[in-house]
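The structure under discussion appears below in the form of structure tokens.
The values are calculated or read from the model by the stated rules, or taken from the named source; none is laboratory data. Since this is a predicted model, take the numbers as computed values, not measurements. Every residue, glycine among them, receives a Cβ derived from its backbone with ideal geometry; neighbour counts consider all protein chains shown.
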Amino acid sequence: SKDYKNKDKLLIVGILKGSTIFLSDLIRQLDIDCEIDFIAVRSYDGKNSTGVVQLIMDLYDNPVGKNILIVEDIIDTGRTLKFLKQNLISRKAKSVKTCVLLNKIGRRKAKIKIDYKGFDVPNKFLVGYGLDYNEKYRNLPYIAILD
């Protein structure tokens, strides 16, 4: 909250679908005025990254002139966050920062700055707390390794 005090209203952008639970918990901890919007991308097929980020659903709000915080459940290769950050900057957002719950160590393919990070995690496939495997396990109240 302190980084956005005395600034224009913050637009928090959740990446669907994985970030929804983390985003819900996060915004309840903020003591600043903010708006919420969502964007959807696809870059995985099962457990494997395709290497290509596809925009599936765009923002409802116009990002022009807004301070934006992208909220993501997990950063793996970094391609998704890099794609979205570049996309929002090119659309004239005032500022774009990133917030991730989980940082998967050793998988980065794209250079991207993480402004706010929860935890570093090993290179394992994780599910629960919004993270899924083919749309399963998102509702688990904890994060687990899927073997």
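In the set 31, 8, only one residue is out of contact with any Asp or Glu (no Cβ under 9 Å at 6 or more places or on another chain) and in contact (Cβ under 8 Å) with a residue 60 or more places away in the chain; that residue is 8. Just one residue in the set 102, 84, 88 is assigned to a strand (DSSP E or B) and aliphatic (A, V, I, L, M); that residue is 102. Within the range 124-147, residues that are of a type in the set (Ser, Thr, Tyr) reach partners that are part of a loop (DSSP other than H, G, I, E, B) and surrounded by 15 or more Cβ atoms within 10 Å (Cβ to Cβ) with beta carbons closer than 6 Å, at six or more positions or on different chains, in the pairs 129/143. Scoring residue 90 on the criteria (1) surrounded by 14 or more Cβ atoms within 10 Å (Cβ to Cβ); (2) among the polar types (S, T, N, Q); (3) at pLDDT 95 or above leaves a single failure, condition (1).
Scan the range 114-145 for residues that are modelled with pLDDT of 95 or more, in a loop (DSSP other than H, G, I, E, B) and farther than 16 Å from residue 20 by Cα and the total you get is 2.
Under the condition of being surrounded by fewer than 18 Cβ atoms within 10 Å (Cβ to Cβ) and either under 13 Å from the mean Cα position of the chain (by Cα) or touching a residue at least 60 places away in the same chain (Cβ under 8 Å) (or both), the residues counted in the range 110-123 number 6. Residues in the range 18-37 that are closer than 20 Å to residue 102 by Cβ and touching a strand residue (DSSP E or B) at 6+ places or on another chain (Cβ under 7 Å): 18, 19, 20, 22, 23, 26, 27.
Being touching a residue at least 12 places away in the same chain (Cβ under 8 Å) and more than 18 Å from residue 111 (Cα to Cα) is the requirement here; does residue 82 meet it? Reasoning before the result, please.
Details: touching a residue at least 12 places away in the same chain (Cβ under 8 Å): yes; more than 18 Å from residue 111 (Cα to Cα): no.
It is false that residue 82 is touching a residue at least 12 places away in the same chain (Cβ under 8 Å) and more than 18 Å from residue 111 (Cα to Cα).
Within the option set 71, 13, 41, 53, being modelled with pLDDT under 95, under 25 Å from residue 142 (Cα atoms), touching a Leu at 6+ places or on another chain (Cβ under 9 Å) and in a strand (DSSP E or B) holds for one residue only, 41.
Quick grid of which residues meet (1) over 16 Å from the mean Cα position of the chain (by Cα); (2) loosely packed, with under 13 Cβ neighbours inside 10 Å; (3) among the aliphatic types (A, V, I, L, M):
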position	(1), (2), (3)
16	no, no, yes
32	yes, no, yes
40	no, no, yes
70	no, no, yes
73	no, no, no
82	no, no, no
99	no, no, no
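Looking only at the range 56-68, which residues are assigned to a strand (DSSP E or B) and either surrounded by fewer than 17 Cβ atoms within 10 Å (Cβ to Cβ) or touching a residue at least 60 places away in the same chain (Cβ under 8 Å) (or both)? Step through it out loud before you land on a result.
Going residue by residue through the range 56-68, those that are assigned to a strand (DSSP E or B) are 56-57, 67-68.
56, 57, 67 - these are the residues of the range 56-68 that are assigned to a strand (DSSP E or B) and either surrounded by fewer than 17 Cβ atoms within 10 Å (Cβ to Cβ) or touching a residue at least 60 places away in the same chain (Cβ under 8 Å) (or both).
Take the conditions (1) in contact (Cβ under 8 Å) with a residue 40 or more places away in the chain; (2) aliphatic (A, V, I, L, M); (3) more than 15 Å from residue 131 (Cβ to Cβ); residue 23 misses just one of them, which is (3).
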